Structures are given as C-alpha cells and as structure tokens.
1. Residues in the stretch 239-257: is at least one modelled with pLDDT under 90, over 30 Å from H365 (Cα atoms) and within 16 Å of the ligand (Cβ to nearest atom)?
2. Residues of the stretch 106-141 being in contact (Cβ under 8 Å) with a residue 40 or more places away in the chain and farther than 23 Å from E152 by Cβ, which ones?
3. Just checking, how many residues over the stretch 175-199 are touching a residue at least 24 places away in the same chain (Cβ under 8 Å) and either surrounded by 22 or more Cβ atoms within 10 Å (Cβ to Cβ) or within 30 Å of A328 (Cα to Cα) (or both)?
4. Please go through the stretch 31-53 and pick out each residue that is more than 14 Å from the ligand (Cβ to nearest atom) and touching a residue at least 60 places away in the same chain (Cβ under 8 Å).
5. Given L284, L304, L356, which one is part of a strand (DSSP E or B), over 17 Å from T388 (Cα atoms) and either in contact with a strand residue (DSSP E or B) (Cβ under 7 Å, 6 or more places away or on another chain) or not hydrophobic (A, V, I, L, M, F, W, C) (or both)?
6. If you check K70 against the conditions, is it away from the ligand (no atom under 11 Å from the Cβ), more than 19 Å from E154 (Cα to Cα) and either of a type outside the set (S, T, Y) or surrounded by fewer than 21 Cβ atoms within 10 Å (Cβ to Cβ) (or both)?
7. Output the number of the condition that I119 fails; it satisfies all remaining conditions of (1) more than 16 Å from the ligand (Cβ to nearest atom); (2) within 19 Å of N33 (Cβ to Cβ).
8. Mind listing whichever residues of the stretch 329-343 are surrounded by fewer than 24 Cβ atoms within 10 Å (Cβ to Cβ) and within 16 Å of A303 (Cβ to Cβ)?
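The values are calculated or read from the model by the stated rules, or taken from the named source; none is laboratory data. Because the structure is a prediction, the values reported are computed rather than measured. Here the Cβ is made from the backbone with ideal geometry for all residues, glycine too, and neighbour counts use every protein chain on show.
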Amino acid sequence: MRIRPGIYWVGVRDPGLEVFDVVIPTEYGTTYNSYIVEADEPVLIDGVKKEFQDEWFAKIAARIDLADLKHLIVNHTEPDHSGSIGELLRRAPHIVVHGTRPALQFLSEQVNMDFNKHIVGENDVLDLGNRKLRFIMAPFLHWPDTMWTYLEGEKVLFTCDGFGSHFAFPEGKILASQQEVDFTGAVEYYFDKIMGPFKPKVRDALAKLEGLELEMIATGHGPILDVEVDRYIQLYHAWSFQAQAAEQKRVVIAYASAYGHTKRMAELIAEGASRNPKVEVVLLDAANTSPQEVEAAVSSFDALIVGSPTINADAVYPVWRVLEAVSAITAKGKAAAVFGNYGWSGEAAALLEERLEKMRLVVGHPAVKVRFSLTEQDEERCRQMGETVAASVTP
Ligand code: FEO
C-alpha cells in the first residue's frame, strides 16, 4: 500500500494479539509495519514477526523482486520486527543490512548465519542514488540497538517502536488520517509500557528532531502518523517530562489479607505515611484489584511497601503478582519494605524481601511481622514503619 510517492507499506496486521511480550495486554491487537522505499537502490525498512513472514514475503513480491532489493534497514531487532529477517537473508543473501552496532550484533545471534553488514552511526547517510536516508541514533528506545531513519526530501521518519501503538487499524486503513476512532490512548499506553522506563532517552532522541522537517512518522506498530505529527511529538515531550514535574513522593502500599490482620497493618502503615504532607499514599488491595490497576499503581513510585500473610510457608499469589508488575529497571534503587501477619512461622516477609533485593530495590526498614491479632504495640510499629519509609523518600 502506497503511503507517499515511492514508499509502500508491506507490513502485517495482528488484530488477535491479546498479550505482547508475554506481559503487556493489547486490547486492540497490533500491527508490524515494514516499508519499501523505491529508489535507484531500493530499500526495505524493518521486518515483521516470524509467524507472519509468508504474508510479508507475498506483499514484498507484489512490489519488487527480492533480487532487486539492495538494502535492509533494521531500526530495532526485537523479534516482532526481526523474526522474519533470517528467512529474508536466506532468500536474498546479497542484501546489505544497515543498523547500529548492537542491532547487527543482536541480529547475528538471532539468524546464526553470515550476512552483509554495515554499521551506521549518528547522521550517517546511505546514498540510494536518487534518494538519501539519514540515520538518527535513538538508543534505549527501548533496546540498546534502536535508531530512527530519515528519508530526506520526503521528510518521513521511520521510527520502529518510537511513536508506535498496539492498535490494529482496520484492513486497508493504515494512516492516522484514516482512523475513525481516536487512538491517542493506545499511543500513550504504548509509551507508558515500552518507553516509560527510558524517559531521559526519549528526551535525548526528541532533541535530535528539533529543526528536522517532518511530514510523516512511519512507525513500527499501529497507524502511520501522516497528520498531527507535531502533536505526537509534543505528547512524547509531555509524557517524557511527566515524572520530573511531580513534587509529591509516592508511597505505594500493596497487600493481600486472609483474615483482615494484614489489611489492618496496611491501613496503619498508610496512616503513618500519610502524616507526611509531601507524600501521596496509594493503598492497594492486590487480591481485589485488576492486573491493569495493579500495573498502573506500581508503574511509578518512590517507595513500595508490600504485605502478605504467610500461607503454606509462602507469600500469597496476589502479592507476588504485584512484584511481577514492578519494572526492575525503573524500580532499581527505590525504597522498599515488607510486612505481614502470620500464625505459625511467617516465611512470607523474608521471601518478599529477598525478591525485592534481587530486583535491586533498597529494603531499608526491617520487616514488621505480627503473629495473630495486633496489639497496641504492633499498631504503633506499623504506623512507625509508614512514617519512617515516607521520611526516607522526602528530603
Ligand atoms: Fe516492537 Fe521492541 O519491538
């Protein structure tokens, strides 16, 4: 499908995808976008997920003979884009693959075969004869290998995951201007999930777009941004600065409770933390909260306090689910503490502490454990924990 003169979308739709990367629910499915740029030396930009490679090859063949394809650009080598490239290189071993050093390293380890590689760096230009591609380094968006590719003249930026959305546009309607529903929410959700841990890197990459004439952002997922390009860039600016603007510190207290004692402890800890005016306290009953709400609650925090009863010598599943939802990247170095009620031996607290430490959070407060019913002293210990943890994150 033609998106600009001599630029064709040869991507695939995956509307049935329900979960991306095992952990990200994708309510609207997704697409894997790939492009052919016609030129004296024709180029293919990015691939698709392996399961869809037959459809991809058919679309490429409808436009160009593989023997005539000279170059492949890999902006990113996560397998949802690179899974089909091994087969491409088997069918067309003459192709020269251009990418960052990490991208070509990753791709080599994925395809396990020799191929023609060309490492590109900041502002390098690939001369296609009558057209030129320029490479903009955008590392850690969201892998070390990522870059963006700018087609001079046409003013199109190919960004792969950048500005993408898990939004399977209707068949044949690949442009943002053709969408009948507002998919901004899908772009924001994608930013939160994929780019959120790398906000400083987003800001670095956005700075490189200043002064660049841009009429279209051809993403790797979701609709191609052919309208409101500036609005999407502004949204990325706003989202990538969001956390910095927050003045209040966020203390998340997540717990599950069997007979109400751990719940009572959580409430007392929240009471103690709330005495600190610089702190916003979020109290989360993990057993009665949807996975999406758990994820949203732990997507950013300054301190995380988790509580579980001990059942069968372990913490309970809803609390482990909270820790699964915590990003070890963004949470690294953040304050953490553990509490819980128990009847026999109380192993849950130590197990939770061990897990938090392995995720490199800083467990700076001793666990508060209470056996059976809370005494007044226990209640005070809980309030104190809340107060102390809150103080540790408010200078
Ligand atoms: Fe769409 Fe990071 O892969």
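1. no
2. The answer is F140, and nothing else.
3. Initial filter on the stretch 175-199 (touching a residue at least 24 places away in the same chain (Cβ under 8 Å)): 175-179, 183-184, 186-199.
Next, only the ones that are either surrounded by 22 or more Cβ atoms within 10 Å (Cβ to Cβ) or within 30 Å of A328 (Cα to Cα) (or both) stay: 176, 183-184, 186-199.
The total comes to 17.
4. Once the filter is applied, which keeps residues that are more than 14 Å from the ligand (Cβ to nearest atom) and touching a residue at least 60 places away in the same chain (Cβ under 8 Å), the stretch 31-53 yields Y35, V37, A39, D40, E41, P42, V43.
5. L284
6. yes
7. (2)
8. T330, A331, K332, G333, K334, A335
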